[in-house]
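The values are calculated or read from the model by the stated rules, or taken from the named source; none is laboratory data. Everything numeric in this text was worked out from a predicted model, so none of it was measured. So basically every Cβ, Gly included, is an ideal-geometry build from the backbone, and we count neighbours across all protein chains shown. Accessible surface is based on the protein model in full, side chains and every heavy atom, while ligands, DNA and RNA are left aside. Shrake-Rupley method; radii C 1.70, N 1.55, O 1.52, S 1.80 Å.
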Amino acid sequence: DAGVTQSPTHLIKTRGQHVTLRCSPISGHKSVSWYQQVLGQGPQFIFQYYEKEERGRGNFPDRFSARQFPNYSSELNVNALLLGDSALYLCASSLAQAISYEQYFGPGTRLTVT
Amino acid sequence: AQTVTQSQPEMSVQEAETVTLSCTYDTSESDYYLFWYKQPPSRQMILVIRQEAYKQQNATENRFSVNFQKAAKSFSLKISDSQLGDAAMYFCAYRVNTGANSKLTFGKGITLSVRP
């Protein structure tokens, strides 16, 4: 079975622009979480979706938004990009929301804001 | 605030030797899981081992084992017979069962190098 996939792999944007990152979970997984990993740091939680509903949001500004589609794939949108948004964005999927279900990570999208 | 602390930024181990990575955490919840993740230069976050807080027995996965001290909120990872492929960043993390969401909270990570 295919693992979690994310697109694009890399992208470069300019300050003030908007970006959309995409995530396809493992088949059958209904929960998707997004994390931001700044270079040299551990991932920070951004959003969690389960059954197409937002179930949690981390300490990120309203410039960050996300959604989950009927096929359980997800998009992360960031508006008005800042230099500090440069990071690796990780998507993780799990069968359900409970902590007993392992989260499987995708390879990430490397965003560079210039 | 719920936090994970990895106080050692870097460690080095000789191939075939044993190394222990330290981690402390702070949560007021009683139902939680603890994890160690490995992140090689390829960036893929890989689960190494997990420990359910309600279990007293320390988890083991082949060459990887943990020392879980619940009262001290300590969760160290021991890697035995270190291999070159073990070189990576290692993150300690936990998930709590709040009923709202089940996010992972990570530490800052430790860079492990393996000397041939």
Review point. (1) over 15 Å from B:Asn101 (Cα atoms); (2) buried (at least 16 other Cβ atoms within 10 Å of the Cβ); (3) touching a strand residue (DSSP E or B) at 6+ places or on another chain (Cβ under 6 Å): which one isn't true of A:Asn77, the others all being true?
Key: (2)
Exercise for review: For A:Ser93, indicate whether it is open to solvent by 20 Å² or more (accessible area, probe 1.4 Å) and part of a strand (DSSP E or B).
Suggested key: no
Review point. Does any residue in the range A:73-93 that is more than 14 Å from chain B (Cβ to nearest Cβ) come within less than 7 Å, Cβ to Cβ, of a residue that is of a type in the set (Gly, Ala, Ser) six or more places away or on a different chain, and which pairs are these?
Key: A:Ser73/A:Ser24; A:Ser74/A:Ala66; A:Glu75/A:Ala66; A:Leu76/A:Ala66; A:Asn77/A:Ser65; A:Asn77/A:Ala66; A:Ala80/A:Gly16; A:Leu81/A:Gly16
Exercise for review: Name every residue in the range B:98-116 that is part of a strand (DSSP E or B) and either under 28 Å from A:Gln36 (Cα atoms) or within 13 Å of chain A (Cβ to nearest Cβ) (or both), in order of residue number.
Suggested key: B:Leu104, B:Thr105, B:Phe106, B:Ile110, B:Thr111, B:Leu112, B:Ser113, B:Val114
Check your understanding: Of all residues in the range B:32-45, which are open to solvent by less than 60 Å² (accessible area, probe 1.4 Å) and in contact (Cβ under 8 Å) with a residue 40 or more places away in the chain?
Key -> B:Tyr32, B:Tyr33, B:Leu34, B:Phe35, B:Trp36, B:Tyr37, B:Lys38, B:Gln39, B:Pro40, B:Met45
Check your understanding: Among B:Arg43, B:Arg95, which is the only one that is at positive phi and within 12 Å of another protein chain (Cβ to nearest Cβ)?
Key -> B:Arg43
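Here's the yes/no breakdown for (1) small (Gly, Ala, Ser); (2) closer than 22 Å to A:Gln44 by Cβ:
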| site | (1), (2) |
| --- | --- |
| B:Thr20 | no, no |
| B:Tyr25 | no, yes |
| B:Pro41 | no, yes |
| B:Met45 | no, yes |
| B:Gln56 | no, no |
| B:Ser76 | yes, no |
| B:Thr105 | no, yes |
| B:Ser113 | yes, no |
Check your understanding: Can you tell me which of B:Lys73, B:Lys78 is touching a Leu at 6+ places or on another chain (Cβ under 9 Å) and either within 19 Å of A:Ile99 (Cα to Cα) or open to solvent by 40 Å² or more (accessible area, probe 1.4 Å) (or both)?
Key -> B:Lys78
